[in-house]
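Quick one: this structure, given as structure tokens, is what I'll be asking you about.
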Amino acid sequence: MNVPFLNPAAQFDSLRVEILAATEAALAKGHYILGPNVSAFEAEAASYCGTGFGVGVNSGSDALTLALRALDIGPGDEVITSPFTYIAPAESIHQVGAKIVFADIHPRRFTLDAAEVARRVTPKTKAIIPVHLFGQAAPIQELRALGIPLVEDCAQAIGATVEGKPVGSLGALGCLSFYPTKNLGACGDGGMVLGSDPALEKRLRMLRVHGIQKRYHHDLHGYNSRLDDLQAAILRVKLPHLNAWNARRKAIADRYDAGLRGLPVELPETAPGNSHVFHVYALLADRRDALQAHLAEKGVPTLIYYPQPLHLQACYADQSWKTGDYPVAEAVSRRILPLPMYPELTDAQVDHVIGAIRSFFA
Ligand SMILES: Cc1ncc(COP(=O)(O)O)c(C=O)c1O
């Protein structure tokens, strides 16, 4: 049996008729950029996430950059985030001209360690970007207690909650990505900034269209970062299925947990109060590379997220970070192994992955 690591086309197949009808209607209407589907989807996504507004932009990466700009963060400011994540949050801090400050992570949850964040706060700290990595929230209550604006990176966690409250509604602003493999994925790039402060909404709506309120009058240094109507039309078809897809991801995670218990690997941990939407299910293993090669031989190719923590990336060679600065992130990078995880996986495929892992340790 072969188990593809990712399979976004399987989701298109399951909604083919509805998606084709929605895209055909959007194409026929001719309002391709920031059209009626965008406004409707902004309202639907904001309502799903429990926020007052959603501003559609062209990627999750741009959502983070525009969020920092909306909060007026720039040169001279510091922003704290995780060194163990996709690079976008660090990149957004760099792009607005602020200083990236990393704080180490929890060894089994992979999200920020709040005590490490507290240690890094200075009078220049203007925001924290907690990444709700792999589908579960960072320790939001402890981070909120620091009294610094939070820009939640919800790219991997739409639908996750903390004590029943949706991520994206827990900080000053929340950022979503609709990259095709995300829990709510478009058929191209897309993103959104969520929030409830009307002044921030106004700035975000200006920033995404070259800083304008009135056409050809530019009040802010802006961007071209707009969600297109076709992607919004597709996302509107998909959003009503998100809870069922997230529930299926949780069922797959439970099946992995049950099938892998007792093996010499560490299974992912969910923090008390969190509901996890398992964008990624990743275990920790000492002989990770050998296990990964064994799985590939058994028809289970995998991808490592993330093989190198951000503070050691070549693009930051001009910074003073060095090996040993964030020991937990470094150790996790060496040992982490994500398994196939998407709602369309069958139980038989999940059992095949479990069997392949078990045979490595037999
Ligand atoms: C944690 C995280 N933040 C931000 C992003 C950026 O999103 P996008 O690819 O839509 O720019 C991603 C992934 O793609 C991500 O995984």
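Give the percent of DSSP beta bridges with both residues in segment 8-240 that are antiparallel, rounded to the nearest 5.
Antiparallel: roughly 55 percent of the beta bridges in segment 8-240.
Whole Å is fine, so just give me how far the alpha carbon centre of segment 284-316 lies from that of segment 202-278.
Distance between centres, Cα-based: 24 Å.
Arrange the following residues from fewest to most other Cβ atoms within 10 Å of their Cβ: Arg215, Arg287.
On the way: Arg215 8, Arg287 14.
Listed from fewest to most nearby Cβ atoms, that is Arg215, Arg287.
Which of rounded, prolate, oblate describes the chain, given a ≥ b ≥ c as roots of the alpha-carbon gyration tensor eigenvalues and a/c under 1.5 marking rounded, otherwise prolate only if a/b is larger than b/c?
Because a/c hits 1.5 or more and a/b fails to exceed b/c, the chain counts as oblate.
Rank these for me by crowding, Arg226, Arg261, going from fewest to most other beta carbons within 10 Å.
Listing Arg226, Arg261 from fewest to most nearby Cβ atoms yields Arg261, Arg226.
Still on this model: List the chymotrypsin sites (Phe, Trp or Tyr not before Pro) within segment 174-266 that fall in a DSSP loop (any state other than H, G, I, E or B) and whose Cβ has at most 10 other Cβ atoms within 10 Å.
In loop regions of segment 174-266 (DSSP not H, G, I, E or B), the sparsely surrounded chymotrypsin sites (Phe, Trp or Tyr not before Pro) are Tyr216.
Amide H to amide H, which residues 5 or more places from Val57 or on other chains are under 5 Å from it, using H placed in the peptide plane?
Counting only residues 5 or more places away or on other chains, the set is Gly191, Met192, Val193, Leu227.
In terms of the Cα gyration tensor, with a ≥ b ≥ c the square roots of its eigenvalues, is segment 141-227 rounded because a/c is under 1.5, prolate because a/b exceeds b/c, or oblate?
It is oblate, given that a/c is not under 1.5 and a/b is not larger than b/c.
Which of Arg144, Arg288 has the fewest other C-beta atoms within 10 Å, and how do the rest follow up to the most?
Going from sparsest to densest Cβ surroundings: Arg144, Arg288.
Read the figures in this text as sums done on the coordinates, not as results from a lab. Fair warning: this is a prediction, and the values are worked out from it, not measured in the lab. Cβ coordinates were reconstructed from backbone atoms using ideal geometry, including for glycine residues, and neighbour counts include every protein chain displayed.
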